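Since the structure comes first, as structure tokens, the remarks are kept for the end.
None of the figures in this text is laboratory data; all of them are computed from the coordinates on show. Please read these numbers as outputs of a predicted model, since none were measured by experiment. Backbone-built Cβ (ideal geometry, glycine too); neighbour counts: all protein chains shown.
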């Protein structure tokens with residue numbers, strides 16, 4: 001499985017049988033490349049960029065099974081966005097969308113155990129670094145991938161990832177182009193891994 005980031009909350013998750021694209025929103029201040037996927041998740045309202053092919057677009061809550069990928073989407077406490085949970089290639093990925101506050105016990109129970117967590121950290125309209133740290137520690141994923149921070153041109157009032165990395169006790173690290181794993185067994189068993197991705201535009 002390969003995970004690449006296109007800035008904001010937009011990721012390509014390429015698995016064995018399917019490719020997922022999250023939040024390819026138009027008009028956030030960054031020009032996305034030509035993207036192609038089998039499944040597209042849209043966590044909130046907004047225009048979607050033009051995509052190649054005819055992917056299955058999911059922009060409402062529910063449980064879905066598409067191309068050997070299990071997907072759950074739900075709105076925490078009636079928020080105007082959906083958290084998405086993907087089970088792909090035996091790996092559970094949670095995309096926290098535009099979350100801006102700590103999660104309730106009910107929502108944490110619903111999310112359950114997570115292998116890879118995509119968490120907003122840029123502050124203002126989404127979680128700031130210190131609150132993101134509390135959310136990460138409550139979920140305890142095996143891998144953390146920060147998102148929704150200022151790494152590209154943006155019209156959102158978001159800052160960089162420095163506060164989050166500092167809160168988690170991590171030094172500034174060099175971003176990588178993609179995060180690749182051969183399967184769930186290749187994820188860290190003990191220590192939580194932090195992956196800073198460079199935006200692929």
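Relative to one another, the C-alpha centroids of the range 144-201 and the range 37-64 are positioned 23 Å apart. What shape does the range 2-194 take by its C-alpha gyration tensor, where a ≥ b ≥ c are the square roots of the eigenvalues and a/c under 1.5 counts as rounded, a/b above b/c as prolate, and the rest as oblate? Since a/c stays below 1.5, the shape of the range 2-194 is classed as rounded. Overall form of the range 1-112: oblate. Here a/c, set by the Cα gyration tensor axes a ≥ b ≥ c, is 1.5 or more, and a/b is not larger than b/c. Between residue 137 and residue 74, what FRET efficiency comes out of the Förster formula 1/(1 + (r/R0)^6) with R0 = 22 Å and r the beta carbon distance, rounded to 0.05? That gives a FRET efficiency of 0.55. Neighbour counting of Cβ atoms within 10 Å sorts the residues 22, 107, 171, fewest neighbours leading, into 171, 107, 22. Ranking of 75, 9 by neighbouring Cβ atoms within 10 Å, starting from the fewest: 75, 9.
By DSSP, the beta bridges lying fully in the chain are antiparallel in about 60 percent of cases. Going from the fewest other Cβ atoms within 10 Å to the most, the residues 34, 159, 92 appear in the order 34, 159, 92.
Here the relative contact order of the range 2-194, from alpha carbon pairs under 8 Å that lie six or more residues apart, stands at 17 percent.
With the simple spin-label model, which puts each label point 7 Å out from Cα in the Cβ direction, the residue 52 to residue 176 separation comes to 2.5 nm. The packing ranking of peptides 77-88, 52-63, 190-201, highest mean first, is 77-88, 190-201, 52-63, where packing means the average number of other beta carbon atoms within 10 angstrom of each residue. The stretch between residue 113 and residue 154 holds 11.6 nm of extra length on full extension. This uses 0.36 nm per residue minus the Cα-Cα distance. If you restrict to DSSP beta bridges whose two residues both lie in the range 75-135, what percentage is antiparallel, to the nearest 5? Among the beta bridges of the range 75-135, antiparallel pairing accounts for roughly 60 percent.
Remark: relative contact order (the range 47-140) = 18 percent; criterion is Cα-Cα distance under 8 angstrom and separation of 6 or more residues.
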